[in-house]
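The next block holds one structure in the form of structure tokens; read it before the comments.
The values are calculated or read from the model by the stated rules, or taken from the named source; none is laboratory data. These figures come from a predicted structure and were not determined experimentally. We place every Cβ from the backbone using ideal geometry, glycine too, and count neighbours over all the protein chains shown.
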Amino acid sequence: MSKEINTPKIQKDQKQQMQIDQEQIRDRVKHIKHQILVLSGKGGVGKSTVAVNLAMSLSLEGKKVGILDVDIHGPSVPKVLNLEGTSLQTDGEILYPVEVSENLKVMSIGFLLANDDDAVIWRGPRKYNMIKQFLKDVDWGELDFLIVDSPPGTGDEPIAIVQLLENADGAIIVTTPQELALSDVRKGITFCRNLNLPVIGVLENMSGFICPKCGETIDIFKSGGGKKMAAQLDVPFLGQIPIDPQIVRSCDSGQPYVQHYSSSPAAQAFKEAMMPLFELEEKH
């Protein structure tokens, strides 16, 4: 006769392991002053581009910044920073993030894939464990900011990162001006409120195209929808990032836009959008 499984003991062991894991995460996070999530209820709004350029803007101001890419199925950060093919360094159970510069470090599942075309076909529990490992086993060192690039939607990955971090400073919600995007982005704000995650503000990306010849602004995807939505939902509005073909070229070539086109209107908009993050520093 087969031995009966002691279910209460298994549950007790699992609970104890979860407590141990959470303590290890707390020990890592205590060396990070601020944790900021970049979220959107809609795909294709340029969320990863925003996350990278905000992080780069902070690092150029002398802040020590980490980017954690938890988009398990579509990690974009290695491409945007020209880090494709980079291997992670490890020392036993400790993982070390890839250093882009003296002030900028990056961790992404993209560094763990044998081939850039590999598909990650995972269900929720495995994705949760991967995110937990990124928080528990990665030695970030001392950071002023950890910018978390989350996948679109309100599913497993955003829920996991909010719960595991426990006390993140808040979320930057990225949208584009058209109503199709705004209707999904509203759900992202509801997501934050349901999880008691503060909304730092809404950032409207792809907001008008500034003609390089005449300087006239053309509203290709309309404009002002993000600002209107922020007012309706009573959350701060962080500004509008205009369309600039150089942003696309920068992402494809792995050259951070704000670093190479610092005088452009879009780069200035990114700089203004990070001002509330400096206010967090002042309150710390």
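Every listed requirement among (1) touching a residue at least 60 places away in the same chain (Cβ under 8 Å); (2) touching a strand residue (DSSP E or B) at 6+ places or on another chain (Cβ under 7 Å) is met by GLY43 save one, (2). The residues of region 133-143 that are surrounded by fewer than 21 Cβ atoms within 10 Å (Cβ to Cβ) and not hydrophobic (A, V, I, L, M, F, W, C), listed by number, are GLN133, ASP137, ASP139, GLY141, GLU142. For region 60-93, residues that are of a type in the set (Gly, Ala, Ser) and assigned to a strand (DSSP E or B) total 1.
The set of residues from region 216-274 being under 21 Å from ILE147 (Cα atoms) and in contact with a Ser or Thr (Cβ under 7 Å, 6 or more places away or on another chain) comprises GLN240, ILE241, ILE247, CYS251, PRO256, TYR257, VAL258, HIS260, PHE270, LYS271, MET274. For the residues LEU165, LEU146, the requirement of being aliphatic (A, V, I, L, M) and buried (at least 23 other Cβ atoms within 10 Å of the Cβ) singles out LEU146.
For region 206-221, the criterion of a residue being under 23 Å from GLN35 (Cα atoms) and of a type in the set (S, T, N, Q) is satisfied by no position. Scanning region 237-262 for residues that are surrounded by 18 or more Cβ atoms within 10 Å (Cβ to Cβ) and hydrophobic (A, V, I, L, M, F, W, C), we see that the one that is modelled with the highest pLDDT is LEU238. Annotation for region 118-136: at least one member residue is of a type in the set (Ser, Thr, Tyr) and under 19 Å from GLN14 (Cα atoms).
Number of residues in region 86-132 that are loosely packed, with under 13 Cβ neighbours inside 10 Å, in contact (Cβ under 8 Å) with a residue 24 or more places away in the chain and not hydroxyl-bearing (Ser, Thr, Tyr): the value is 5.
Contact annotation: residue pairs with Cβ atoms under 6 Å, 6 or more positions apart or on different chains, pairing a residue in region 198-214 that is more than 17 Å from VAL50 (Cα to Cα) and modelled with pLDDT of 85 or more with a partner that is in a strand (DSSP E or B) and not hydrophobic (A, V, I, L, M, F, W, C), are PRO198/GLY170.
Does GLY170 satisfy being at pLDDT 90 or above, within 30 Å of GLU102 (Cα to Cα), out of contact with any helix residue (DSSP H, G or I) (no Cβ under 7 Å at 6 or more places or on another chain) and surrounded by 18 or more Cβ atoms within 10 Å (Cβ to Cβ)? Spell out how you get there, then give the answer.
Values: at pLDDT 90 or above: yes; within 30 Å of GLU102 (Cα to Cα): yes; out of contact with any helix residue (DSSP H, G or I) (no Cβ under 7 Å at 6 or more places or on another chain): yes; surrounded by 18 or more Cβ atoms within 10 Å (Cβ to Cβ): yes.
Spelling it out, GLY170 is indeed at pLDDT 90 or above, within 30 Å of GLU102 (Cα to Cα), out of contact with any helix residue (DSSP H, G or I) (no Cβ under 7 Å at 6 or more places or on another chain) and surrounded by 18 or more Cβ atoms within 10 Å (Cβ to Cβ).
Out of contact with any His (no Cβ under 7 Å at 6 or more places or on another chain), surrounded by 16 or more Cβ atoms within 10 Å (Cβ to Cβ) and of a type outside the set (Phe, Trp, Tyr): does that describe SER207?
Values: out of contact with any His (no Cβ under 7 Å at 6 or more places or on another chain): yes; surrounded by 16 or more Cβ atoms within 10 Å (Cβ to Cβ): yes; of a type outside the set (Phe, Trp, Tyr): yes.
For SER207, the condition - out of contact with any His (no Cβ under 7 Å at 6 or more places or on another chain), surrounded by 16 or more Cβ atoms within 10 Å (Cβ to Cβ) and of a type outside the set (Phe, Trp, Tyr) - is met.
For VAL202, the conditions (1) part of a loop (DSSP other than H, G, I, E, B); (2) within 18 Å of the chain's Cα centre (by Cα) all hold with the exception of (1). Pairing residues of region 53-77 that are over 17 Å from GLN268 (Cβ atoms) with residues that are basic (Lys, Arg) and modelled with pLDDT under 95, at Cβ distances under 8 Å and at least 6 apart in sequence or on separate chains, gives ILE72/LYS127.
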